[in-house]
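Scroll down for the structure; my scribbles are underneath it.
Just so it is clear, none of the values below were taken in a lab; they were calculated from the coordinates. None of the values given here were measured: they were computed from a predicted structure. Cβ sites come from the backbone with ideal geometry, for glycine too, and all protein chains shown count toward neighbours.
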Amino acid sequence: MNSNQPINRYEHLTEFFDSKNVLVTGGFGFVGGHVTKRLVELGANVTVIDINTDVNRDSILNCASMDLRSKILVHEADVVDANAMKEIIHEGRFHFIYHFAAYASVIEKAISAPYDTIMANTMGWVNVLEACRLAPYKPNMIFLSSTDKVYGEMEEDSYSEHSTPLRGIGVYDSAKLAADVFSRTYHEAFGLPTVTLRMCNIYGPYDFNMGYRLLPKAMASIFGSAEPEAPELYFDAIEHHRDYLYVQDLVTAILLLTQQQKCRGDVYNLAAGTYMPTPQMLKTIVEQAAEVEKSYDAERAETIMNNGISIRVRQSGSTVHAITKQHLNGKKIEEATGFTVQADFMDTLRETIQFYREYMRTRDEGC
């Protein structure tokens, strides 16, 4: 299977990360896996923590064609376990720590397990910070992956880091907001070199969260069965607007933040690649899936287009409350690091859809 190559406009990153000791929590997940892959390519000594490190788990780190797993040190551990975090971080003598471990990345899952969400998404981060505070060898940077959801409903044209109030009210939103606040607290009170990035919706290959996330869920509908099915859109999402960024651009942004010492103790919005209504995004996914399918099966491609999108009403009594519009102002990160979006939206969307089509056809063989 042809994997997307990282966007490497910054050749000096290789020298910067070569032979550095790096920890990635949640490394078997979508973003953590891509960050791990890039760090390995840059010559870093990477240790990965995840609550599920099974060799049969769908993850970029388990893809035999890439042989990434043999190039990293793997710890199966829960970030909620403070003692485990302390032991791993004290022994690892890490230069950089990247924290992606989370219980839930979608509001539907978080609302069904609020306590677990808060423990993992807030206290998991606190456990990492505490381990770093007590460690004899202090990391040079401790990175938190936060979210645009900490802002709550958008009232202006976009969210700005220091002028938009933090008003996240959902379980997932609030748990991430608390972690976000503790980043600043541990920097101000204890001098830890934290960096917080408030992220938008990330797309790209090897995202296997097909139960909830928009693109992989749509791919499961379109390519996961003998006959393509129409991807679902909740009725209450018709008015939603979201930012979208290709995963390789995100990885570059994270590594540039790592490199800039002046970014320690600060918080940044991720610059978006594309901002559009959710129905338009799903419609574009369907159209591009049909285009990809045309070169294989014209009749199936026509079925994909004819199916369109299925509008679904949430079950009565649902307590899910989604933010209507989310759009990040990314000027601050651009000024601090020089980061700009490089990926072409339509090209990378088609490449991602191509990945899922092949994956769905050969998933029993692994990637």
Item to check | Unmet requirement for ASP78, which otherwise passes all of (1) more than 22 Å from THR185 (Cα to Cα); (2) in contact with a Pro (Cβ under 8 Å, 6 or more places away or on another chain) | outcome: (2)
Item to check | Cβ pairs under 9 Å, 6+ apart, first in region 187-200 and assigned to a loop (DSSP other than H, G, I, E, B), second surrounded by 19 or more Cβ atoms within 10 Å (Cβ to Cβ) and β-branched (Val, Ile, Thr) | outcome: LEU192/ILE142; PRO193/ILE142; CYS200/THR147
Checklist outcome for this item: How many residues of region 179-216 are surrounded by fewer than 18 Cβ atoms within 10 Å (Cβ to Cβ) and within 19 Å of THR147 (Cβ to Cβ)? The answer is 6
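Okay, residues lined up against (1) part of a helix (DSSP H, G or I); (2) farther than 19 Å from ASP347 by Cβ; (3) of a type in the set (A, V, I, L, M):
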| residue | (1), (2), (3) |
| --- | --- |
| LYS217 | yes, yes, no |
| ALA226 | no, yes, yes |
| ARG242 | no, yes, no |
| THR252 | yes, no, no |
| TYR268 | no, yes, no |
| MET281 | yes, no, yes |
| ILE285 | yes, no, yes |
| GLU299 | yes, yes, no |
| MET305 | yes, yes, yes |
Checklist entry - What tally of residues in region 82-99 results from selecting those that are in contact (Cβ under 8 Å) with a residue 60 or more places away in the chain, surrounded by 15 or more Cβ atoms within 10 Å (Cβ to Cβ) and not in a strand (DSSP E or B)? => result 5
Checklist entry - Does SER160 meet the test of being touching a strand residue (DSSP E or B) at 6+ places or on another chain (Cβ under 9 Å) and within 29 Å of ILE60 (Cβ to Cβ)? => result no
Checklist outcome for this item: VAL251 fails exactly one of (1) over 12 Å from VAL150 (Cβ atoms); (2) buried (at least 23 other Cβ atoms within 10 Å of the Cβ); (3) of a type in the set (A, V, I, L, M), namely (2)
Checklist entry - Only one residue in VAL40, VAL79, VAL48 is closer than 18 Å to SER19 by Cβ, touching a Gly at 6+ places or on another chain (Cβ under 9 Å) and crowded, with 18+ Cβ neighbours inside 10 Å, so which one is that? => result VAL48
Checklist outcome for this item: Per the list (1) part of a helix (DSSP H, G or I); (2) surrounded by 18 or more Cβ atoms within 10 Å (Cβ to Cβ), residue check on TYR115 breaks on (2)
Checklist entry - With ALA253, ALA220, ALA237, ALA230 as the choices, which residue is in contact (Cβ under 8 Å) with a residue 60 or more places away in the chain, of a type outside the set (Lys, Arg), touching a helix residue (DSSP H, G or I) at 6+ places or on another chain (Cβ under 9 Å) and within 19 Å of GLN326 (Cα to Cα)? => result ALA237
Checklist entry - Residues of region 148-185 being among the hydroxyl-bearing types (Ser, Thr, Tyr) and farther than 18 Å from LYS325 by Cβ, which ones? => result SER174, SER183, THR185
